[in-house]
Amino acid sequence: MLWLALYMPLLPLESAASATADQPLVVYTSHAGQHSVYRLNAAAAARGIDPGMPLTAARSLCQTLHAIEHNARREQNALEGLALWSMSFTSRVSLQPPQGLILEIGASLMLFGGLEALLEAMHRGLDALGFSAHRGIAPTPMAAWLLALEQHGRSIIRHDELRAALLPLPLSLLPIDQAKKTALSRLGLQHIRDCLRLPRDGLTRRLGPQLLDCLDRALGHAPEARSFYSPPERFQAQVLLPEPVIHVQPLLFVLKRLLGQLAGFLRARDAAAQRLQLDLIKPFLPIETLQLTLLQPGRDPEQLFGLWRERLERHTLDAAVEGLELRVSRLLPLLPTSSDLLGAPAGGDDFMHTLERLRNRLGEHVIHQPLSLADHRPERAGQQAAFPTRGQATEHPHLLRPLWLLPTPQALAQDSRGAPVLHGPLTLLSGPERIEAGWWDSSDQRRDYYIAQSPRQQHLWIYRQPGKAPAWFLHGFFA
């Protein structure tokens, strides 16, 4: 096994941040009525603000400072959202509250083309979502977490290299209570190597079994039972902004986070989304809901983001929005796609994506497709149906029909012999084809159809009615 740990020290700040990175922003904590800076972004640090500074002093240094109170629940929601997102890379994701994740990635290396390609994909994804993380990679989850806390981004692949990599790490990184850390410091023990040099029995008598248990799990001498995150049965995720906005750009930043979570959820469920709902949460006003229906179920976050971006950019915000909630109202199993010999996907995915963009931009009922029906009468043998249609089309592969059918047949002139004329005499190429139907709905038709050619080399579909006065009618044009 190979484990990847992600330690996110700025999660309290990044879980509340928006796309505006140049705005000075701090997260503050309250104790005994006093507010102090807990986390801050680079724009706030550039104004001389430091962690631990009283909030009043920070505001005196920066008049445009935006301050958000520390909210553990918001950070937990962000951590669970990142767990969903990381399921795009592996199904074995474990939460490491309050600011970390541990992933088993050994089975994913071949899928992503190796460790470096996997790490690069995860880095791009985190950066796009507005999060940062220190990583550690090791054959055990505890060792990976300690390496991530070290914040040097070290990768230990082989188990026989693990001990040497852990020896210089400070004991303060171990997940033991503060009393034991203080006791270790008083004994002059600063690093993991210091503990491993001492007799195990003596350490256990002095400090209890917790310390050695952590070291054994880190070195792989003892198993570590971890519970893995299980995605919910239905996807429903919400992100609130630091303050209400009236512009679309901050909403797009939040939407990208939600779609990243959705992508991980769909991959974990081996499913695709066809109908999505986006709720615009407005202060003191009813929630406004936007709908998105896909022609072909999908889960590509970039494709979904492009469709939602077009929808939001064309949507007029009549009031400020303080948050978004994304829901999937219809899930479908993901159908496997075949590829050609060179690995390119087979089928018309690009065509379907183009149609989805057109429907999203112009309206769901603008694009139609011709549908063949089980009726021999030309006027009723086809109709325009919304794309995609759920009706069953009836094919007539043995019949030759024109692409352009006149809405009302046009009477043709005749020469002295009663032959049809249009820009000159018509030459009959084939026919007659008798069509006699409609007696069951009081719309009886009895016609003999011919394919004719005009002097202009046009191919026409004409007919006459047997048993009636000799008359010819033009009904359609062949391409």
Quick test for you: out of D127, D22, pick the one residue that is exposed (fewer than 15 other Cβ atoms within 10 Å of the Cβ), in contact with a helix residue (DSSP H, G or I) (Cβ under 7 Å, 6 or more places away or on another chain) and not polar (S, T, N, Q). D22
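Condition check ((1) more than 25 Å from H70 (Cβ to Cβ); (2) buried (at least 16 other Cβ atoms within 10 Å of the Cβ)) across all residues:
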residue: P199; (1), (2): yes, no
residue: R205; (1), (2): yes, no
residue: L219; (1), (2): yes, yes
residue: E233; (1), (2): yes, no
residue: A237; (1), (2): no, yes
residue: V245; (1), (2): no, yes
residue: R257; (1), (2): no, yes
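This table checks each residue for (1) in the same structural domain as F89 (by TED's automatic domain parsing); (2) at pLDDT below 90; (3) surrounded by 15 or more Cβ atoms within 10 Å (Cβ to Cβ).
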residue	(1), (2), (3)
G264	no, no, yes
A268	no, yes, yes
L278	no, no, yes
P283	no, no, no
L292	no, yes, yes
Q303	no, yes, yes
Anything in the range 120-160 that is in a helix (DSSP H, G or I), more than 17 Å from L11 (Cβ to Cβ) and free of Cβ contacts under 8 Å to residues at least 40 places away in the same chain? List them, or say none. E120, A121, R124, E150, D160
Checking L129, L162, L119 in turn, the sole residue that is under 23 Å from L189 (Cβ atoms) and among the aliphatic types (A, V, I, L, M) turns out to be L162
From the list L146, L174, exactly one residue is modelled with pLDDT of 95 or more, touching a helix residue (DSSP H, G or I) at 6+ places or on another chain (Cβ under 6 Å) and either loosely packed, with under 14 Cβ neighbours inside 10 Å or within 18 Å of Q99 (Cβ to Cβ) (or both). Which is it? L146
Between a residue in the range 251-263 that is under 14 Å from M87 (Cβ atoms) and any residue that is of a type in the set (K, R), which pairs come within a Cβ distance under 9 Å, given they are 6 or more apart or on different chains? L262/R299; A263/R299
Test each condition in (1) under 30 Å from F228 (Cα atoms); (2) small (G, A, S); (3) crowded, with 21+ Cβ neighbours inside 10 Å for A58 and report the one that comes out false. (1)
Being farther than 30 Å from A144 by Cβ and at pLDDT below 95 narrows it down to one of A16, A43, A21, so name that one. A43
Enumeration of residues in the range 268-290 that are within 15 Å of the chain's Cα centre (by Cα) and outside any loop (DSSP other than H, G, I, E, B): A268, R269, A271, A272, A273, Q274, R275, L276, Q277, L278
Hey, any hits in the range 206-228 for a residue that's at pLDDT below 90, among the hydrophobic types (A, V, I, L, M, F, W, C) and assigned to a loop (DSSP other than H, G, I, E, B)? yes
Going residue by residue through the range 70-78, is there one that turns out to be surrounded by 18 or more Cβ atoms within 10 Å (Cβ to Cβ), in a helix (DSSP H, G or I), in contact with a Phe, Trp or Tyr (Cβ under 9 Å, 6 or more places away or on another chain) and of a type in the set (A, V, I, L, M)? yes
Does G220 fit the bill of being without any contact (Cβ under 8 Å) to a residue 40 or more places away in the chain and not hydrophobic (A, V, I, L, M, F, W, C)? no
E75 versus (1) under 21 Å from V254 (Cβ atoms); (2) not assigned by TED's automatic domain parsing to the domain that holds S132: which is the lone unmet condition? (2)
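The values are calculated or read from the model by the stated rules, or taken from the named source; none is laboratory data. From a predicted model like this one, the values you see are computed outputs, not experimental measurements. No Cβ is skipped: glycine too gets one built from the backbone with ideal geometry, and neighbour counts run over all protein chains shown.
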